[in-house]
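Some notes on the structure that comes next.
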Amino acid sequence: MLNRVTVIAGSSLLLSCFVASTAVAKVSEEKAAQLGKNLTWSGAEKAGNAEGTIPAYTGGFDKSLIPSGWKSGMPYTNPFPEDKVLVTINASNVDQHKDKLAPGTVAMIKTYPDTYYLNVYKTRRTAGTTEATIADSQFNARNAELVKGGAGVQNMHGSTPFPVPNNGVEVVWNHVVRWRGGMRVIQDEATFAPQVDGSFSKATRTVNLFFNPEFKKGGPRDDIIFFYTSKVNSPSRLSGEIILLHETANQSDHPRIVWKYYTGQRRVRRAPDQGHDSPSADADGLFVSDQVDGINGAINQRYEWEIIGKQEMYIPYNNFDMNQPEVKYDDLIKKGHLNPKWSRWELHRVWVVKGQLKDGERHIYGSRVLFIDEDSWQVGVHDMYDMKGNLWRTMDMFATVFWDADISWVQAYTTYDLLAKRYYVRGLVNEEKPYTFDQPGLAGMKGYTPAALRRMGRR
């Protein structure tokens with residue numbers, strides 16, 4: 001199991017690692033005043049590290065680096081083509097670097113010593129800020145609170161409710177309610193669950209995610225963070241399955257609501273069991289619902305969360321190359337793991353948070369450890385353990401920058417099963433249409449109702 005991580009020396013944050021996860025106290029004015037000074041507006045440490053391997057934060061992605069001629073709807077071409085591999089971490093040197101690697105990453109290298117490695121590049125802190133996120137941060141640091149039991153957030157605006165977190169559940173809520181552009185994104189994505197011998201077939205789905213323009217602005221729907229639909233398009237044995245989700249911030253007063261379109265019945269019904277460890281239809285048992293986006297849903301219902309510490313760690317970051325049309329699935333999907341040639345890893349500071357299954361609750365994972373990027377609040381790596389405390393699975397979240405939407409977000413992500421020696425990957429668009437972003441406004445909400453789900457299923 002993971003050892004407790006020592007807080008980075010010289011950190012400008014004072015970690016309250018032993019505060020109970022049900023605490024609801026706001027931060028002091030002294031801590032809140034650090035934002036925009038020695039902390040970024042998202043709550044990250046603005047300074048670089050002593051070695052110079054993590055640079056100071058300078059505002060995020062520089063849009064002057066957008067490739068000439070690029071237009072919205074085109075693939076997000078690598079804006080850093082001059083960057084070279086600084087070090088390759090493989091079976092021959094992994095022990096020299098393991099203090100900066102998640103246990104799951106080390107296990108992957110040791111499980112596949114001849115084929116799996118990490119190419120480490122220059123660290124680029126590309127997660128950005130906007131005027132809206134700055135205003136949110138100033139307000140939330142002084143006002144946002146956990147509801148009783150940590151089951152949600154109240155008295156917040158916009159995104160990142162706890163830029164200076166006091167405890168583990170606040171860190172995880174920052175991931176759930178992090179800044180993701182405030183827009184609608186439509187993804188036609190490919191998913192794969194290769195067999196042990198490396199053979200694979202493709203499944204496809206359309207994901208439609210709309211961030212509520214009324215969120216925390218008053219009105220009957222202002223507790224909904226986003227609306228979400230996921231429709232499986234292929235293969236034919238799975239096609240037609242559609243999920244509709246209303247994800248809420250205060251799940252104590254307004255539990256998340258899930259509906260499912262049942263193809264055989266041609267009916268829409270509530271699906272209260274569609275969450276936590278319910279299996280994903282196209283994952284062949286390798287992935288469960290609350291792993292979508294790194295972690296999601298009623299995060300504090302079944303797990304107690306604890307801050308283990310903050311540390312420098314190699315995580316996937318600025319992964320542009322792996323999603324290009326020139327990289328075909330045959331070259332990316334390999335036996336045991338994705339082809340590491342196309343992945344980019346960087347050194348970043350992360351929050352390390354452990355979730356322990358509560359007594360009396362049920363889930364296939366006895367515990368899980370999240371490694372959350374300090375700049376974006378995005379999960380970078382997620383290790384999952386069985387009921388006996390043995391490392392079972394590990395997720396890699398391949399972050400990139402969608403510069404036309406002003407967000408750093410994941411595109412593809414993988415779950416590696418270290419026991420079955422199989423994996424599941426979703427979010428690939430190499431041979432699909434690129435992601436599209438738009439803003440339909442309040443009228444867009446009409447597309448996220450049970451009636452709209454029914455119409456979608458009958459097309």
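The values are calculated or read from the model by the stated rules, or taken from the named source; none is laboratory data. Given the structure is predicted, the values throughout are model-derived calculations rather than measurements. For neighbour counting, all protein chains shown are included, and Cβ atoms are generated from backbone atoms with ideal geometry for every residue, glycine included.
Taken over region 95-109, the criterion of being touching a Phe, Trp or Tyr at 6+ places or on another chain (Cβ under 9 Å) and free of Cβ contacts under 8 Å to residues at least 40 places away in the same chain is satisfied by Ile109 alone.
Listed here are the residues, each with its yes/no results for (1) assigned to a strand (DSSP E or B); (2) under 18 Å from the mean Cα position of the chain (by Cα); (3) without any contact (Cβ under 8 Å) to a residue 60 or more places away in the chain; (4) farther than 30 Å from Lys334 by Cβ.
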| position | (1), (2), (3), (4) |
| --- | --- |
| Phe139 | no, no, yes, yes |
| Gly158 | no, yes, yes, yes |
| Asn166 | no, no, no, yes |
| Val169 | no, yes, no, yes |
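For region 385-410, filtering for residues that are under 26 Å from Ser159 (Cβ atoms) and surrounded by 23 or more Cβ atoms within 10 Å (Cβ to Cβ) leaves 9.
Here is a check on your reading of the model: is Ser234 surrounded by fewer than 17 Cβ atoms within 10 Å (Cβ to Cβ), modelled with pLDDT of 90 or more and over 17 Å from Gly152 (Cβ atoms)? It is true that Ser234 is surrounded by fewer than 17 Cβ atoms within 10 Å (Cβ to Cβ), modelled with pLDDT of 90 or more and over 17 Å from Gly152 (Cβ atoms). Within region 34-59, if we keep just the residues that are among the aliphatic types (A, V, I, L, M) and part of a loop (DSSP other than H, G, I, E, B), the residue that is surrounded by the most Cβ atoms within 10 Å (Cβ to Cβ) turns out to be Ala44. Residues in region 152-167 that are surrounded by fewer than 23 Cβ atoms within 10 Å (Cβ to Cβ) and touching a Phe, Trp or Tyr at 6+ places or on another chain (Cβ under 6 Å): His157 alone. Each residue in region 359-373 was checked for being out of contact with any Asp or Glu (no Cβ under 6 Å at 6 or more places or on another chain) and either surrounded by fewer than 22 Cβ atoms within 10 Å (Cβ to Cβ) or not charged (D, E, K, R) (or both), and 9 pass.
If I filter region 434-441 for residues that are within 26 Å of Lys260 (Cβ to Cβ), at pLDDT below 95 and either assigned to a loop (DSSP other than H, G, I, E, B) or of a type in the set (A, V, I, L, M) (or both), do I get at least one hit? Yes: region 434-441 contains one or more residues that are within 26 Å of Lys260 (Cβ to Cβ), at pLDDT below 95 and either assigned to a loop (DSSP other than H, G, I, E, B) or of a type in the set (A, V, I, L, M) (or both).
Condition check ((1) touching a helix residue (DSSP H, G or I) at 6+ places or on another chain (Cβ under 8 Å); (2) modelled with pLDDT of 95 or more) across all residues:
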| site | (1), (2) |
| --- | --- |
| Asn174 | no, yes |
| Trp179 | yes, no |
| Glu189 | no, yes |
| Ala193 | no, yes |
| Ala203 | no, yes |
| Lys216 | no, no |
| Arg221 | yes, no |
| Ser230 | no, no |
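Per-residue answers, yes or no, for (1) in contact with a helix residue (DSSP H, G or I) (Cβ under 9 Å, 6 or more places away or on another chain); (2) not β-branched (Val, Ile, Thr):
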{"position": "Glu82", "(1), (2)": "no, yes"}
{"position": "His97", "(1), (2)": "yes, yes"}
{"position": "Ala107", "(1), (2)": "no, yes"}
{"position": "Tyr112", "(1), (2)": "no, yes"}
{"position": "Thr115", "(1), (2)": "yes, no"}
{"position": "Val120", "(1), (2)": "yes, no"}
{"position": "Thr129", "(1), (2)": "yes, no"}
{"position": "Ile134", "(1), (2)": "no, no"}
{"position": "Asn143", "(1), (2)": "no, yes"}
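Applying the condition of being β-branched (Val, Ile, Thr) and in a strand (DSSP E or B) to region 177-194 and asking which residue is surrounded by the fewest Cβ atoms within 10 Å (Cβ to Cβ) yields Ile186. Hey, could you check region 110-133 for residues that are of a type outside the set (Asp, Glu) and at pLDDT below 95 and say which is nearest to Lys358 (Cα to Cα)? Here the residue is Thr133. Take the conditions modelled with pLDDT under 95 and part of a loop (DSSP other than H, G, I, E, B) and apply them to Ser72. Does it pass? Yes: the conditions hold for Ser72. Of the residues examined, Gly294 is one that is modelled with pLDDT of 95 or more and either crowded, with 20+ Cβ neighbours inside 10 Å or of a type outside the set (Val, Ile, Thr) (or both).
Put simply, of Ala144, Ala102, Ala127 the only residue that is surrounded by 19 or more Cβ atoms within 10 Å (Cβ to Cβ) and closer than 17 Å to Lys31 by Cβ is Ala144. On the basis of being surrounded by fewer than 22 Cβ atoms within 10 Å (Cβ to Cβ), touching a residue at least 60 places away in the same chain (Cβ under 8 Å) and either β-branched (Val, Ile, Thr) or under 30 Å from Lys421 (Cβ atoms) (or both), does Asn119 make the cut? Taking the combined requirement at face value, the residue satisfies it. Could you say whether any residue in region 195-204 is closer than 27 Å to Arg426 by Cα, surrounded by fewer than 19 Cβ atoms within 10 Å (Cβ to Cβ), of a type in the set (Phe, Trp, Tyr) and in contact (Cβ under 8 Å) with a residue 60 or more places away in the chain? Among the residues of region 195-204, at least one is closer than 27 Å to Arg426 by Cα, surrounded by fewer than 19 Cβ atoms within 10 Å (Cβ to Cβ), of a type in the set (Phe, Trp, Tyr) and in contact (Cβ under 8 Å) with a residue 60 or more places away in the chain, which makes the answer yes.
Does Asn174 satisfy being outside any loop (DSSP other than H, G, I, E, B) and without any contact (Cβ under 8 Å) to a residue 60 or more places away in the chain? No; evaluated as a whole, the condition is false for this residue.
Taking region 241-253 as the range and being surrounded by fewer than 21 Cβ atoms within 10 Å (Cβ to Cβ) and closer than 16 Å to Glu145 by Cα as the test, the residues that pass are Asn250, Ser252, Asp253. Residue pairs whose Cβ atoms lie under 6 Å apart, sitting 6 or more positions apart in sequence or on different chains, and linking a residue in region 64-79 that is over 9 Å from Phe320 (Cβ atoms) and surrounded by fewer than 14 Cβ atoms within 10 Å (Cβ to Cβ) to a partner that is of a type in the set (Phe, Trp, Tyr) and at pLDDT below 95, do not occur here.
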